[in-house]
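Heads up: the structure comes next, in structure tokens.
The values are calculated or read from the model by the stated rules, or taken from the named source; none is laboratory data. No experiment lies behind these values; they were computed from the predicted model shown. Every residue, glycine as well, gets a Cβ built from its backbone with ideal geometry; the counts of neighbours run over all protein chains shown. Areas reflect the complete protein model, heavy atoms only, side chains present, ligands, DNA and RNA absent. Shrake-Rupley method; radii C 1.70, N 1.55, O 1.52, S 1.80 Å.
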Amino acid sequence: MCRVFAGQDPEGYRQINRSIRIDGHSTSIQLEATFWALLDEIADSQGLTTPKFISKLYDEAIEINGQIPNFASMLRTTCALYLRGHRPGIEEHAAPKRQAA
């Protein structure tokens, strides 16, 4: 049952640090290689470099939420949302959906 997950290439979960300038400050973000690959894909789909995409994401999240308790976790969940079919641009122009009670 779990062979697909247990047998994955360890390269995919190797930790990678990247230095990125956010809000005028240079910071280091550590994520698994798979998440970096997904962030590269998301950024490319938006016509942005990965650092520019991450910086814009940070700025927008601060504007909306006021703070980001764990930015690396936010980046991972951004990748999960992307894999579940959520795409910037499409949803931003769609009417808000109501959640069923």
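Within the accessible surface of segment 15-72, defined with a 1.4 Å probe on protein heavy atoms only, the carbon and sulfur portion equals 45 percent. Prolate is the label for segment 24-69, because a/c, from the alpha-carbon gyration tensor with a ≥ b ≥ c as root eigenvalues, is 1.5 or above and a/b exceeds b/c.
Taking label points 7 Å from Cα along the Cα-to-Cβ direction, SER26 and GLN8 give a separation of 3.2 nm. Between THR49 and ALA61, the modelled label-to-label distance comes to 2.0 nm, taking each label 7 Å out from Cα in the direction of the beta carbon. Taking a point 7 Å out from the Cα of ALA33 in the direction of its Cβ, the residues of segment 9-25 whose backbone N falls within less than 15 Å of it are 9-18.
Solvent exposure of the chain amounts to 76 Å² per residue of accessible area, where only protein heavy atoms count and the probe is 1.4 Å.
Classify the chain as rounded, prolate or oblate from the Cα gyration tensor: take a ≥ b ≥ c as the square roots of its eigenvalues, call it rounded if a/c is under 1.5, otherwise prolate when a/b beats b/c and oblate if not.
oblate
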